[in-house]
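Quick notes on the structure that follows.
The values are calculated or read from the model by the stated rules, or taken from the named source; none is laboratory data. Computed from a predicted structure; not experimentally measured. Methodologically, a virtual Cβ is constructed for each residue, glycine included, from the backbone with ideal geometry; neighbour enumeration extends over all protein chains shown.
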Amino acid sequence: MMALFAVASGVDSAAQFFTVLLAFVFVLALTVWGTKFLGNFQKAQNFSRNFESVEVYKLSSGTYLQLVKIGGSYYVLAVGKESVTLIDRIDKEQLVLDEDDDGSERSGGFTELLKKAGNKLQNRGGDK
């Protein structure tokens, strides 16, 4: 009788473990979906066809140079903690921009950075 109780206890423990594991996976999936939904919602709220931040360069703590595309023109702005100053207007021909095959401008995303880092690690591993 004691052996039967021990087997039943093991089955109950396994069932409890898989129930908790399933709940964890469900909560994790819900979190990922919620994060993506909120990110896409925020992106849609900030979407503008006429305004785009192309590039940012940090000068010092709290001071940046920002390349901004407004309409078809590019502007360099100095952005501080309490001020924004127009530095200059730049023609597109003077800029070096990454572009997709269709000619539209492409911003380097996380996937591109991850691929570059992976390639560097592979190249470094091959040198040993």
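For residues that are surrounded by 10 or more Cβ atoms within 10 Å (Cβ to Cβ) and hydroxyl-bearing (Ser, Thr, Tyr), scanning just segment 26-56, find the one that is farthest from Val84 (Cα to Cα).
Looking at the filtered set, the residue picked out is Thr31.
Taking the condition of being of a type in the set (Lys, Arg) and either exposed (fewer than 10 other Cβ atoms within 10 Å of the Cβ) or modelled with pLDDT of 90 or more (or both), how many residues in segment 73-115 meet it? Steps first, please.
As a first pass, look at segment 73-115 and keep what is of a type in the set (Lys, Arg): 81, 89, 92, 106, 115.
If we keep only those that are either exposed (fewer than 10 other Cβ atoms within 10 Å of the Cβ) or modelled with pLDDT of 90 or more (or both) too, we end up with 81, 89.
Total satisfying the criteria: 2.
I'd like the residue in segment 32-51 that is within 16 Å of the chain's Cα centre (by Cα) and of a type in the set (S, T, N, Q) and, out of all such residues, is modelled with the lowest pLDDT.
Going through the qualifying residues, I end up with Asn46.
Sort out which residues of segment 54-96 are small (Gly, Ala, Ser) and assigned to a loop (DSSP other than H, G, I, E, B), and write them in order of number. First the steps, then the outcome.
Start the filter on segment 54-96 by keeping residues that are small (Gly, Ala, Ser), which leaves 60-62, 71-73, 78, 80, 83.
Ser61, Gly62, Gly71, Gly72, Gly80, Ser83, listed by residue number.
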